[in-house]
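The values are calculated or read from the model by the stated rules, or taken from the named source; none is laboratory data. All of these numbers come straight from a predicted model, not from anything done at the bench. Here Cβ is always computed from backbone atoms with ideal geometry, including for glycine, and neighbour counts include all displayed protein chains. Ligands, DNA and RNA are excluded from the accessible area calculation, which covers all protein heavy atoms including side chains. Shrake-Rupley method; radii C 1.70, N 1.55, O 1.52, S 1.80 Å.
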Amino acid sequence: MSQPVVLADPAHKPSRKAPLVWAVSAAIPWSLAAIAQVVWLAAEPGPWWGHVLAAVGTVVGIAVFVGVVPVWRYRVHRWDVDDRAVYTRTGWLTQERRIAPISRVQTVDTERGPLDRLFGLATVTVTTASSAGAVRIVALDADVADRLVAQLTDVAALGAEDAT
């Protein structure tokens, strides 16, 4: 009789810059909402209660999505890789844990959006033969992402007999 496998939580955090990037990313649309409210106020000064309600909603949205969510995401997001699988834990309100066996890895991609490039970050996407979709490891320092891609390529090549 074999012993059950005990799975530990993934050990690695995203980059320390991740909360800042997530906050800036969230601040952009909220800034546009604030600008739209100022334009609305200038174009139509009354009724005052509508402007106050919209302003309160914007302030609450900024506080939650720029101040709280990035810190919470950073506390939750984790990733790990060993010779058996890629492990991730993501989310902030709803948390998801994904495990992708190395034998099922088909492609490993790196993505760097404009804010990622500005802050030196990258996202690694591991595509598997799974209907659940790809496993994404977000907000890694670019050099960590490059090393991870090389590691996954090497590990996946060792078990290249399957990947279907």
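For the reader, a short list of remarks on this structure follows.
- Gyration tensor verdict on segment 79-156 (Cα atoms; rounded if a/c is under 1.5, prolate if a/b is larger than b/c, oblate otherwise): oblate
- Under 5 Å from the amide H of residue 85 lie the amide H atoms of 102, each residue being 5 or more positions distant or on a separate chain, with H modelled from the backbone and absent for Pro and chain starts.
- Three-way shape label, segment 18-74, alpha-carbon gyration tensor, a/c 1.5: oblate
- Relative contact order for the chain, counting Cα pairs under 8 Å that sit 6 or more residues apart, in percent: 22 percent
- Counted by Cβ distance under 12 Å from residue 80, the other residues give a net charge of +3, where Lys and Arg count +1 and Asp and Glu count -1.
- Calculated [θ] (222 nm, deg cm²/dmol) that DSSP helices of n ≥ 4 give over the chain, each run adding -39,500 (n - 2.57): -14000 deg cm²/dmol
- Remark on the chain: ratio of C-alpha radius of gyration to 2.2 N^0.38 Å is 1.36.
- Whole-angstrom gap from segment 80-134 to segment 39-58, using each part's C-alpha centre: 42 Å
- Percentage relative contact order, segment 23-72, counting C-alpha pairs under 8 Å, at least six apart: 64 percent
- Surface composition of segment 18-74: carbon and sulfur make up 85 percent of the accessible area, probe 1.4 Å.
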